[in-house]
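What follows is a single structure, written as C-alpha cells, with notes after it.
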Amino acid sequence: MMRLRLFCILLAAVSGARGWGYYGCDEELVGPLYARSLGASSYYGLFTAPRFARLHGISGWSPRIGDPNPWLQIDLMKKHRIRAVATQGSFNSWDWVTHYMLLYGDRVDSWTPFYQRGHNATFFGNVNESAVVRHDLHYHFTARYIRIVPLAWNPRGKIGLRLGLYGCPYKSDVLYFDGDDAISYRFPRGVSRSLWDVFAFSFKTEEKDGLLLHAEGAQGDYVTLELQGAHLLLHMSLGSSPIQPRPGHTTVSAGGVLNDQHWHYVRVDRFGREANLTLDGYEQRFVLNGDFERLNLDTEMFIGGLVGAAQKNLAYRHNFRGCMENVIFNRVNIADLAVRRHSRITFEGKVAFRCLDPVPHPINFGGPHNFVQVPGFPRRGRLAVSFRFRTWDLTGLLLFSRLGDGLGHVELMLSEGQVNVSIVQTGRKKLQFAAGFRLNDGFWHEVNFVAQENHAVISIDDVEGAEVRVSYPLLIRTGTSYFFGGCPKPASRSGCHSNQTAFHGCMELLKVDGQLVNLTLVEGRRLGYYAEVLFDTCGITDRCSPNMCEHDGRCYQSWDDFICYCELTGYKGETCHQPLYKESCEAYRLSGKTSGNFTIDPDGSGPLKPFVVYCDIRENRAWTVVRHDRLWTTRVTGSSMERPFLGAVQYWNASWEEVSALANASQHCEQWIEFSCYNSRLLNTAGGYPYSFWIGRNEEQHFYWGGSQPGIQRCACGLDRSCVDPALHCNCDADQPQWRTDKGLLTFVDHLPVT
C-alpha cells in the first residue's frame, strides 16, 4: 500500500530566451555599379541625380519638389543575396530621410516589401546628413532590383539620400510547375540513410494548396513539405516499429497567406530527433516524436508533385503550381541537376526553367487618406464595376461613385467582413444589401457589381448561387469618376462624400464599365489620380504567424496591427505576458490572505500555465499543498518482477512540469511516501537490486525511501537501526506474515515531485 503527499514553500521563478543569426556575404554592392543601374522617380537637379546616391559620395539623390510618389531604384544587374542596407543624407545639406520602406523584386513591375521582426515595414533612417545608419536584416532575401521609398524626411530640408547595400552574388536555378508537372530525384546509392539532413528552397505561388516535396521509406520513414490553406506544413517520421509503441509522426505548421506571389525561403535542419523549421527568418525548434534517430528514405525524392506509381502511396495532394528555386537536399542542388537534365532527374510533364507565373499588378492601400480615382463613361444606363481585394480589416470603403444628372451615389464598403452595397437616390429611400462572409481573411476575393434600371446584382468570388440580386425602383446614370479605397480630401472638391474609413489592403484587376483600368497610366498620372498608395506591390503579411500572443492567447489582426485576446489564459497585457495570479502561497500570505484554494503561477510570465493549489497559510510562512490521485491507500496484489505494478501519479489541475517548477522555486519541499506490507519486501533482495522504487523528475528511478537520504538505499528505520530486523534496512524487508510499514518524507528537491 502506498500514500503520497506533497508540500512546498515557494520563493521565485526564472525564464530565458535566445536569438537567431547568420554571418558572411558582406560586399558593398552599390558603389561598383554603373550610373545606368541607379534610377529614380524624378530628381531635383543635375547634382541630385540618382547616380550620386552612393555612400560617402559628393552629393546625394533628391526627387523634384512635389513628386507625389518618390523612390530610388537600384538594378544590381543580376540576382544577389542582400543581408544589410545602409543610408546617409545628402552631403553638406539639411536633406536626409528619417523613415523609409524597402521593396525588392526580380523585375521592376512586381515588388515585395521587406518586413522587419514584428512585421514592421518601416525602417528608421538618418538624423543628420553625415552619419551612416545600417540595418542588418533578420533574414537575407534575394533580388535583382531594390527600391527605397522615402516616407518621412527632415522638415527643415527635403529628401536627400545616399544608399549602401551589402550582400553577395547569388546563383539562381528556377523550376516552374503548372500544377500538372513534377520531378523526381533518385538517390545516388538508391537509398538515403542519414542521422542529419538539410532541406532548403525558395518558392512563390498564388495557390493555397500544393505538394512541395515528398520522400518516404519502406520502414515508415517519410518527409513531406506542402501548402495547405496558404500555410506551410512539415510532416516527418523517423519510422515505426511494432516493438516501439511511441508514434513517430510529427507535424509542424508555419506562416500564413503564403500565396502572395512573393518568394518565401524554407529550410529544415535535423540532427537525430532535434529539428528546426525556418520560414523567412522565423525559426521553430522542435523534437520529433518516436524513438528512432535516422531518416531512412528509399529510391527517390519528389519535387512539385508525385511521379508515376508513387501517387498510389500518398493520400491525394494537389500538385504545386508556381516557382521553386535552388532546391537543396544535403548539399545537392536538385534544381541545378534538373536544369542540366542530369540522369538522376525524372520529369513529369513540361517543367520550365524560368518563372512563367502571371505577374500581378496590385495596388497597396496603406495610408489614412489613400484612394485611386479613375474616369468612367458618363450618363450610361448601366453601371458595372469589378475588382479583386484582400485585407485583414473588418471595415473600409471599397468603391464610391457619384451618379450622373444628380441622381445620387453608389457605395461599396467592407463592414464586419461583408461587402455592403448602398445606393442613395434623390427623393427615394436608400437601398442597402450585403454579400459575402468573412472576406477579411487575408485571401483574394473577387467582387462583381452591376446596377441598372430597377435592378442590382453583386457576386463574390463567382461562387455559383452566392450572388445577391435585388429588384428595386432605380434610375441609373453613370458618373464621371470612380473612387477606389477611399475619398480625397476635401470632399467638396472631388464630390466623394463618404463617411466610411479608408480601405487598407490590396486591390487588383480594376474594371470600370467593362474596361480593365490601365494602372501603368494611372501610376504615371496620365489617367486618373491617386494618393498614399503603392503600385505593383501588395504588402500583406500574417502578423499572427508566428503568434506573438503568449500563453495560448488568441491573435486577431488588422492591416497594420494585431490584438491579443487573453481571456481564460491567466495573463493580461498587450501580448498576454503579465500574470494575473501571484507566484506563490507566500505572496498570498503577504497580501493578507488566509488559508484556502488559490491559483498560483510559479514561473510568472514563463511558458507554464497557472494552476490551483491549497494554501496552508500560517503566521510566519505558507505551505503550498498540491493534491493528486494517490492520496489514499492503493492495494497492490499479484505483482512480480515479470509483471510489475506501476502506480502513476496524476496531479490535480497541474502537469508534473508545473509541479516541478513549484519545487524548483521553493525554499523547502517535501512529499510523504508510505508502503505497507504483508510478506512483501520493499528494497532488500538477494541480488541487491530493489523490488520496488519510486520515479521522480526526469523519469529517474530512486532506491531510497521516505525519511532516508539519496544514494544509500534505505528506509527511515535503516538510518537509526530501528527496523524490525536490525540486519535489514527497511521494516518490510523482514518479509514477515504480518502488516508492517515503511514511511516518511522525501525532501531532496531535485528529485521531486514523485511521478
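The values are calculated or read from the model by the stated rules, or taken from the named source; none is laboratory data. Every value quoted in this text rests on a predicted model; they were computed, and no experiment measured them. Ideal geometry is used to build each Cβ from the backbone, glycine not excepted, and the neighbour counts take in all protein chains shown. In case anyone asks, the SASA skips ligands and DNA or RNA and just uses the protein heavy atoms, side chains included. Shrake-Rupley method; radii C 1.70, N 1.55, O 1.52, S 1.80 Å.
Taking a 29 Å limit on the Cα-Cα distance, which of the listed pairs K582/K743; K429/K489; K208/K350 fall beyond it?
Too far apart for the 29 Å limit: K582/K743.
Compare the peptides 97-105, 29-37 by average per-residue count of other Cβ atoms within 10 angstrom and give them in order, highest first.
97-105, 29-37
Using the Karplus curve 6.51 cos²θ - 1.76 cosθ + 1.60 with θ = phi - 60°, work out ³J(HN,Hα) for each residue of the range 252-262 in order, rounded to whole Hz, and write x for Gly and Pro.
10, 10, 8, x, x, 6, 7, 8, 9, 6, 10
Please work out which option in (i) 89, 68, 64; (ii) 148, 69, 56; (iii) 109, 70, 64 gives Cα extents along the principal axes in Å calculated from these coordinates, and answer with its label.
Given (i) 89, 68, 64; (ii) 148, 69, 56; (iii) 109, 70, 64, the structure-derived one carries the label (iii).
With runs of 4+ DSSP H residues as the only contributors, calculate the mean residue ellipticity of the chain at 222 nm using -39,500 (n - 2.57) per run, divided by the residue total and rounded to the nearest 500.
Computed ellipticity for the chain at 222 nm equals -1000 deg cm²/dmol.
Enumerate the amide H contacts of Y530 below 5 Å, restricted to partners 5 or more residues apart or on another chain; note that Pro and chain-start residues carry no placed amide H.
Residues meeting the amide H criterion: Q373.
So between E274 and D136, what do we pick up on full extension, going 0.36 nm a residue minus the alpha carbon distance? Display every interim value, and only then the final one.
On the way: separation 138, 0.36 × 138 = 49.68 nm, distance 2.82 nm.
Contour length minus Cα-Cα distance gives 46.9 nm.
Need the list of aspartates and glutamates near K572 for cross-linking: C-alpha distance under 19 angstrom, and skip anything on the same chain fewer than eight residues off.
By straight Cα distance, K572 reaches E550, D552, D561, E583, D601, D603.
Under 5 Å between amide hydrogens, which residues at least 5 positions from H455 or on another chain qualify, with H placed 1.01 Å from N in the peptide plane?
Here the answer is Y472, L474, since their amide H atoms fall under 5 Å of that of H455.
Ordered by residue, what ³J(HN,Hα) values in Hz, to whole numbers, does the range 410-424 give under the Karplus form 6.51 cos²θ - 1.76 cosθ + 1.60, where θ = phi - 60° and Gly and Pro are x?
Along the range 410-424, the couplings run 10, 10, 10, 9, 8, 9, 6, x, 10, 8, 9, 10, 10, 10, 9 Hz.
With a sphere of radius 9 Å drawn around the Cβ of I159, what net charge do the other residues whose Cβ falls strictly inside it have (Lys, Arg +1; Asp, Glu -1)?
Net charge in that neighbourhood comes out at -1.
Among the aspartates and glutamates, select those whose C-alpha is under 13 Å from the C-alpha of K511, and discard any that sit fewer than 8 residues away in the same chain.
The reachable aspartates and glutamates, counting only those whose Cα sits under 13 Å from K511, are E446.
Can you tell me which of 435-444, 608-617 comes out highest on packing, and rank the rest after it, using the mean Cβ neighbours within 10 Å?
Values: 435-444: 18.4, 608-617: 20.1.
The peptides rank, most packed first, as 608-617, 435-444.
Please compute the net charge surrounding C549, taking Lys and Arg as +1 and Asp and Glu as -1 over other residues with Cβ under 11 Å from its Cβ. Before the final figure, lay out the partial values.
Working: positive: R543, R554; negative: E550, D552, E574.
Once all neighbours under 11 Å are counted, the net charge is -1.
Just to check I understand the Karplus step: with θ = phi - 60° and J = 6.51 cos²θ - 1.76 cosθ + 1.60, what whole-Hz values come out for the range 209-217, glycine and proline as x?
With coefficients 6.51, -1.76 and 1.60, one gets 10, x, 8, 8, 8, 7, 8, 8, x Hz.
Accessible area, 1.4 Å probe, largest first: how do V522, V457, V332 sort?
From most accessible down to least: V332, V457, V522.
From largest accessible area down, sort K743, K582, K79; use a 1.4 Å probe on the protein chains.
Ranked from most to least accessible, the order is K743, K582, K79.
Could you tell me how far the Cα centroid of the range 111-170 sits from the Cα centroid of the range 706-755, in Å?
70 Å
Roughly how many whole Å is it from the C-alpha centroid of the range 574-650 to that of the range 333-360?
The range 574-650 and the range 333-360 have Cα centres separated by 59 Å.
Amide H of L403: which non-local residues (sequence gap of 5 or more, or other chain) have their own amide H closer than 5 Å, using H built in the peptide plane?
Result for L403 returns G408, H409, V410.
Got a sec? What order do H497, H504 fall in by accessible area at 1.4 Å, biggest, i.e. largest, first?
H497, H504
Please list, by residue number, every one of the GluC sites (Glu not before Pro) in the range 659-755 that is coil in DSSP and has at most 15 other beta-carbon atoms within 10 Å.
E700
Cα centroid distance between the range 412-448 and the range 188-253, in Å?
Their Cα centres are 43 Å away from one another.
With unit charges on the beta carbons (Lys and Arg positive, Asp and Glu negative) and the dipole taken about the Cα centre of the range 622-755, which residue among V749, N664, P690 sits farthest to the positive side?
Ranked along the dipole, the leading option is P690.
Please give me the summed charge of the neighbours of Y100: other residues whose Cβ is under 13 Å from its Cβ, Lys and Arg +1, Asp and Glu -1.
Around Y100, the charge tally is +2.
Roughly how many Å² is the accessible area per residue of the range 186-285, as a whole number, for a 1.4 Å probe?
40 Å²
Could you give the Stokes-Einstein D for the range 539-597 in µm² per second, using the C-alpha Kirkwood radius, 4 °C, 1.567 mPa s?
97 µm²/s
Using a 1.4 Å probe on the protein heavy atoms, what percent of the accessible area of the chain belongs to carbon and sulfur? Walk me through the intermediate numbers first.
Working: 17930 of 35700 Å².
About 50 percent, which is the carbon plus sulfur part of the accessible surface.
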